[in-house]
Each structure stands twice: as C-alpha cells, then as structure tokens.
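Here's the structure, in structure tokens; my notes come after.
Nothing in this text is a laboratory measurement; each read-out follows from the coordinates by a stated rule. Note that the coordinates shown come from a computational prediction; the quantities given were computed from them, not determined experimentally. A quick note on method: Cβ atoms are made from the backbone with ideal geometry, for glycine too, and the neighbour counts reach across all protein chains shown.
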Amino acid sequence: MTPDPYDTAADGRAAAPAGLFASVQGLMATSVELLHTRLQLLSTELEEEKTRLLRTLSWGAAAFLLMGVGLVFLAMFITVLLWEHNRLLALGLITLAFIVGGGVSLWQAMRHLHAPSGLFAASLAELRRDRAALPPRDELPARSSPVDLP
C-alpha cells in the first residue's frame with residue numbers, strides 16, 4: 001500500500017505532497033508570489049516618482065507665474081518712478097516681493113529637479129538581495145555537454 005501524500009503528519013500539520021510535480025508546482029507558486037511582490041514594489045516606486053514630478057512641476061509653475069507678475073510690476077515701477085515720490089516705495093516692495101517669491105519657487109523647482117529620485121532603488125535592492133541568496137555560479141552543478149545524435 002502506498003502512503004497518501006496528503007495525509008496529515010503526526011503533529012497535525014499536513015504533510016507535503018511528494019514528487020516532482022509537487023516540487024515544480026511549489027516552485028511556480030513561489031516564483032509567482034515573488035514576481036507579484038516585485039511588481040507591487042515597482043508600482044509603489046512609480047507612484048512616488050509621479051508625486052515627485054508633480055511637485056516639481058508645481059514649483060516650476062509657481063516660479064513662472066510669480067516671476068511674470070514680478071516683471072509686470074517692475075515695468076510699472078519704472079513707469080511710476082518718473083512720476084510722484086510716495087507710491088514708489090509701496091510698488092517697489094510689492095515688485096520685490098513677487099520677484100523674491102518667484103526666485104524662491106524657481107530655486108525649489110531646480111532643487112527638486114536635480115535631486116536624485118532614487119527611482120527603482122528599492123526594487124534594485126530587493127533584486128540584489130535575491131541574487132545574494134542564490135548560490136554563486138561556481139558552486140552550481142556543472143551542466144552536462146549535449147549529446148551528439150547520429
């Protein structure tokens with residue numbers, strides 16, 4: 001009588017099915033689970049990169065808007081400069097505020113743009129760990145040479 005491969009062991013756990021098919025099936029299940037995990041990690045990293053890009057674009061848009069308004073006020077300032085003396089200080093300070101705000105926004109956009117994003121860094125680290133868990137190539141069994149058929 002052959003033992004049932006799905007019989008429970010003495011400690012109450014299910015015994016693993018024996019045979020090559022069960023081993024291949026387990027290997028495939030593990031591979032699919034590993035691939036699923038890596039794809040989830042890749043998806044998360046893509047979302048983070050999208051957020052970083054949107055933040056950079058927002059700072060860039062703010063910089064262009066504020067610098068444009070600052071230039072309009074600068075033109076108005078130069079025009080009014082030739083007229084009376086009291087309104088010049090207020091208009092000059094407003095112009096300066098817009099230009100400084102635009103400069104800060106542009107600086108933030110450039111800082112975010114030049115900062116390394118680390119795109120796929122976690123995925124690459126996981127793949128390095130996976131590779132490190134594998135035995136080195138020189139420890140793998142040698143492949144037999146193909147047989148020449150007559």
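Quick rundown of the values:
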quantity: Calculated from backbone phi, Karplus (6.51, -1.76, 1.60) coupling profile of the stretch 98-115 in Hz, x at Gly/Pro; calculated: 5, 5, 5, x, x, x, 5, 5, 5, 4, 5, 4, 5, 4, 5, 5, 8, 6
quantity: Computed E for Met28/Arg129 - FRET, C-beta separation, R0 22 angstrom, nearest 0.05; calculated: 0.55
quantity: Label-point gap, in nm, between Leu81 and Arg52 - each point 7 angstrom along Cα→Cβ; calculated: 4.2
